[in-house]
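This report concerns only the one structure given below.
What follows draws every value from the coordinates through simple rules; no lab data is involved. Remember, it's a predicted structure, so these values are computed and weren't measured experimentally. Glycine gets a Cβ as well: all are built from the backbone with ideal geometry, and neighbour counts include every protein chain shown.
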């Protein structure tokens, strides 16, 4: 999410995000394998599902920590705009897709895709928002 | 958006945007956004600018809107 050379808060954000990514992949595979092998049910399956999501929650926490730690108010404002644009894009896309599922027999979208779609909209918004301040 | 004299004040001191950004501990992109009137700084940042240029805030920023 960095537009120019990263400052200290942005470097911390990158480090924290880099830490969560391998755990996201690892826990997703471990959770899927555990459910497949041991056929967990009830609270055990819920626990495994939450465990698999923990690195994603850490990722979100890292972004909030960055917003709290960023001392450059313009950079903070830019990043809040990226995140808001991502939220708006996601809400719009999911609303449209919901109606498409209901009325046009579009294939069901698994909820796990909401998270990467959100970041896709954030990424798309960045050059557009940056262009406003050139 | 507020009008400001940052570009002139910077030129008088022969500072680049990067020089000013380093002194303010913000990004060059931030200095550019303030200087071009696309971003109004907060009061604390405006005071930091005033201290840096040794001028009252009203001699750096004016109420006249940039269009």
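Shielding of peptide B:30-37 by partners, expressed as the average count of other chain Cβ atoms within 10 Å per residue Cβ, is 3. Shape class for the stretch A:1-77, computed from the alpha carbon gyration tensor (a ≥ b ≥ c): prolate, with a/c not under 1.5 and a/b above b/c. Compute the long axis of helix A:114-132 from its Cα atoms, compare it with the longest principal axis of the Cα atoms of chain A, and write down the angle in degrees, 0 to 90, nearest 10. Once rounded, one gets 10 degrees.
The angle between the Cα long axis of helix A:42-69 and the longest principal axis of the Cα atoms of chain A comes to about 0 degrees, rounded to the nearest 10.
When only Cα pairs below 8 angstrom with a gap of at least 6 residues are kept, the stretch A:1-75 shows a relative contact order of 48 percent.
Quick one: order A:57, A:78 by neighbouring beta-carbon count within 10 Å, fewest to most. Kindly include the intermediate steps, with their values, before the conclusion.
On the way: A:57 11, A:78 25.
Going from least to most buried by this count: A:57, A:78.
Under the classification rounded if a/c is under 1.5, otherwise prolate if a/b is larger than b/c and oblate if not, where does chain A fall, given a ≥ b ≥ c as square roots of the Cα gyration tensor eigenvalues? Verdict is oblate for chain A. Against the longest alpha carbon principal axis of chain A, how many degrees, from 0 to 90 and to the nearest 10, is the axis of helix A:8-38 turned? The angle comes out at about 10 degrees.
To the nearest Å, what is the center-to-center distance of the stretch A:40-104 and the stretch B:1-37, using C-alpha atoms only? Here the two parts' Cα centres lie 35 Å apart. Provide, for q = 0.16, 0.33 Å⁻¹, the log10 of I(q)/I(0) from a solvent-free Debye sum over equal Cα point scatterers in the stretch B:21-67. Results for the stretch B:21-67 at q = 0.16, 0.33 Å⁻¹ read -0.42, -1.39.
Divide by every residue of chain A the summed helix terms, -39500 (n - 2.57) for each DSSP H run of at least 4, and state the resulting mean residue ellipticity at 222 nm, rounded to the nearest 500 deg cm²/dmol. Write down the numbers at each step before the final one.
Values: 4 runs with 110 residues, N = 134.
Rounded to the nearest 500, the figure is -29500 deg cm²/dmol.
With the cut-off at 1.5 for a/c, could you classify the stretch A:61-125 from its C-alpha gyration tensor as rounded, prolate or oblate? It is prolate, given that a/c is not under 1.5 and a/b is the larger ratio.
Which ordering of A:118, A:82 is given by a fewest-first count of other beta-carbon atoms within 10 Å? If you can, show how the numbers build up before the last one.
Values: A:118 19, A:82 23.
Ascending number of Cβ neighbours within 10 Å: A:118, A:82.
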